[in-house]
Amino acid sequence: MATGLGHSDLSWAGGFTQPEGAAFVSTTFRTLESRTFEKLEIEAYAEYGIKDNLTLIFKVPYQWIRDDQFNPQLTNSGFFDGEVGIRWRFTQDPLLAASLQVTPIIPLGYDPNAPLPLSRGGVGLDVRVPISRSFPVGNRWGYWTVEVGYRPYFGNRSDEFRTFAEVAIPVTDRLDMAAQIDSIIGTQNPEANFTKVVGQFRIKASDLIRVVPGAYKQIDGSGYGFEMSLWFTFGGAVATGK
């Protein structure tokens, strides 16, 4: 996935930080279908290495949503909850990374009281600890990641426990395959519970660009969707996959 620390095509993940002055940028388009509900989303995501062990994180999504169970159907669109935060790596092992990531959740101007709201409209704080390790697969490198986190929201809203796990395996010099499981558990609202599994192909189009098609399925409900991402790396950045 990325080159670093003298290893050829060494793969990294969520616990690793970007080298100082390097940037990882991605654009993702995804869909969601769940019974009468449909969502289209485009997301801009970026990481920038402030120092070798400190990375700035930026994410802004835009959504179009529709629910056909109403007559007439309800629709809405707009910017969703944005994130600006940091990831601080507190380990020195070049192959094993453990970090503390803190990201404020910022509503971006939508109406939380709309008939079909984009989100809950509350300011929150995502705090998580990602741990990642690279491992050899023949003469290539894969990685695994596990994350645990807590997301408190300020105001009368359900907080959330979050867990995430991923493994990525190189297939050829230009193709990796990845599988993920992502889970949310609401502390006060069981309707917030959500678990999905994701599968991705990561195709190396050039030294700077990767094309990442994928699909996911909600395993505790009927939701499913597809996604397509473009990953860009600058200045020796590592591809985190976020």
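The values are calculated or read from the model by the stated rules, or taken from the named source; none is laboratory data. None of the values given here were measured: they were computed from a predicted structure. So basically every Cβ, Gly included, is an ideal-geometry build from the backbone, and we count neighbours across all protein chains shown. Ligands, DNA and RNA are stripped out before the accessible areas are found, and what is left, the full protein with its side chains, is counted by its heavy atoms. Shrake-Rupley method; radii C 1.70, N 1.55, O 1.52, S 1.80 Å.
Summary of computed values
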{"read-out": "Surrounding net charge for Val129, when Lys and Arg each add one and Asp and Glu each subtract one, Cβ distance under 12 Å", "value": "+2"}
{"read-out": "Accessible area per residue, Å², the chain with all protein chains present, probe 1.4 Å", "value": "48 Å²"}
{"read-out": "Potential extension, Asn71-Val211 segment - 0.36 nm per residue separation minus Cα distance", "value": "46.5 nm"}
{"read-out": "Average projection area in nm² (convex hull over Cα atoms of the stretch 124-242, one quarter of hull surface)", "value": "8.5 nm²"}
{"read-out": "Relative contact order (%) - the stretch 169-227, alpha-carbon pairs under 8 angstrom, separation at least six", "value": "27 percent"}
{"read-out": "HN-Hα J in Hz across the stretch 209-222 - Karplus 6.51, -1.76, 1.60, θ = phi - 60°, x for Gly and Pro", "value": "10, 10, 9, 10, x, x, 8, 9, 9, 6, 8, 10, x, 9"}
{"read-out": "Two-decimal log10 I(q)/I(0) for the stretch 73-136, as the Debye equation yields it once each C-alpha is a single scatterer, q = 0.15, 0.22, 0.30 Å⁻¹", "value": "-0.62, -0.86, -1.18"}
{"read-out": "Anchor Lys59: aspartates and glutamates whose Cα lies under 16 Å away (excluding residues fewer than 8 positions away in-chain)", "value": "Glu41, Glu43, Glu47, Asp81, Glu83, Asp126"}
{"read-out": "Dipole magnitude of the chain, debye to nearest 20 (Cβ charges: Lys/Arg +1, Asp/Glu -1, about Cα centre)", "value": "260 debye"}
{"read-out": "Segment Val171-Arg35, extension gain: residue separation times 0.36 nm, minus the distance between their alpha carbons", "value": "45.4 nm"}
{"read-out": "Amide H contacts of Thr91 (H built 1.01 Å from N, under 5 Å, at least 5 apart or other chain)", "value": "Ala98"}
{"read-out": "Cβ-based net charge around Val197, under 15 Å, with every Lys or Arg adding one and every Asp or Glu removing one", "value": "-1"}
{"read-out": "Cα lying deepest toward the dipole's positive end in the chain, options Gln180, Gly199, Phe16, charges on Cβ", "value": "Phe16"}
{"read-out": "Hypothetical label at Ser222: residues of the stretch 41-74 whose amide nitrogen lies under 14 Å (7 Å Cα-Cβ projection)", "value": "67-70"}
{"read-out": "Modelled FRET efficiency - R0 22 Å, Ala98 with Ile181, Cβ distances, 0.05 increments", "value": "0.65"}
{"read-out": "The stretch 145-205 - Debye-derived log10 I(q)/I(0), Cα point model, q = 0.21, 0.26 Å⁻¹", "value": "-0.80, -1.00"}
{"read-out": "Two-decimal log10 I(q)/I(0) for the stretch 10-146, as the Debye equation yields it once each C-alpha is a single scatterer, q = 0.09, 0.16 Å⁻¹", "value": "-0.37, -0.90"}
{"read-out": "Cα-only radius of gyration and Dmax that characterise the chain, units Å", "value": "18.2, 61"}
{"read-out": "Reciprocal of mean inverse Cα separation for the stretch 43-97 (Kirkwood radius, Å)", "value": "14.2 Å"}
{"read-out": "Candidate aspartates and glutamates for bridging to Lys51, where Cα separation is under 14 Å - those fewer than 8 sequence places away on the same chain excluded", "value": "Glu20"}
{"read-out": "3J(HN,Hα) from dihedral phi, the stretch 95-109, Karplus parametrisation 6.51/-1.76/1.60, rounded to Hz, x for glycine, proline", "value": "9, 10, 10, 10, 9, 10, 10, 10, 9, x, 9, 10, x, 10, x"}
{"read-out": "The stretch 26-74: relative contact order as a whole-number percent, Cα under 8 Å and 6+ apart", "value": "33 percent"}
{"read-out": "Mean separation of Cα contacts under 8 Å (6+ apart) over length of the chain, as relative contact order %", "value": "20 percent"}
